[in-house]
Amino acid sequence: MGYTKIYNTLFLDRDGVINKHLIGDYVKSPQEFIFLEGVVEALKELSLLFRHILIVSNQRGVGKGIMSMDDLYEIHKFMLDIINAGGGRIDKIYICTDIEESSPNRKPNIGMIHQALKDFPDIDLKKSWMVGDSRSDIQFANKAQISMALVGDKYNMPKDELRIDMYCPNLLTFAKQLKKTHI
């Protein structure tokens, strides 16, 4: 069953959206990478709705020397193998390992979007979404002027104060909401 890809690009944060966020720590190995419930199913559905699916993730643990780039590649290979086996896809992963907040590539700055635009010149930000779980994800989407969906319950405040377009408890709910709204 195939849908018409009505959306252009889905930008996804990783920790807290795809996998369990380790509070005060970093996912340093595939053994520590725990998919959040429904993510594989969600990515299968979202693959039918979006032309491109891209991860944009700050990975400060590498910049701090807590883990290596090889560790990160191993984690991402593990993640992609499971997503692909479940019928979903991730077209590219963008990471920022910089530890300085001022880095142009570190969210909330939008350097990773500029990288994506070079790799995928057909990206249309007006038909794109960002899904994240943090204030930096919200600011990233707002700076890039793309629709923003907040997932999870990291912020205990009224969602209408956060400059978001949609709130969902998780990525699967986001996928179902988009599918229901537009198909």
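The values are calculated or read from the model by the stated rules, or taken from the named source; none is laboratory data. All values derive from a computational prediction rather than experimental measurement. Don't worry about glycine lacking a Cβ; one is built from the backbone with ideal geometry, like all the others, and counts go over all protein chains shown. Ligands, DNA and RNA are excluded from the accessible area calculation, which covers all protein heavy atoms including side chains. Shrake-Rupley method; radii C 1.70, N 1.55, O 1.52, S 1.80 Å.
Here are the numbers:
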quantity	calculated
Flag if residue 114 is open to solvent by 10 Å² or more (accessible area, probe 1.4 Å), within 22 Å of residue 22 (Cβ to Cβ) and of a type outside the set (Asp, Glu)	no
Verdict on residue 141 being open to solvent by less than 40 Å² (accessible area, probe 1.4 Å), within 17 Å of residue 13 (Cβ to Cβ) and touching a residue at least 60 places away in the same chain (Cβ under 8 Å)	yes
Selected residue (only one of 107, 92, 44, 20 is at pLDDT 95 or above and surrounded by 18 or more Cβ atoms within 10 Å (Cβ to Cβ))	107
Only one of 81, 98 that is without any contact (Cβ under 8 Å) to a residue 60 or more places away in the chain and assigned to a helix (DSSP H, G or I)	81
Residue check for residue 115: modelled with pLDDT of 95 or more and at positive phi	no
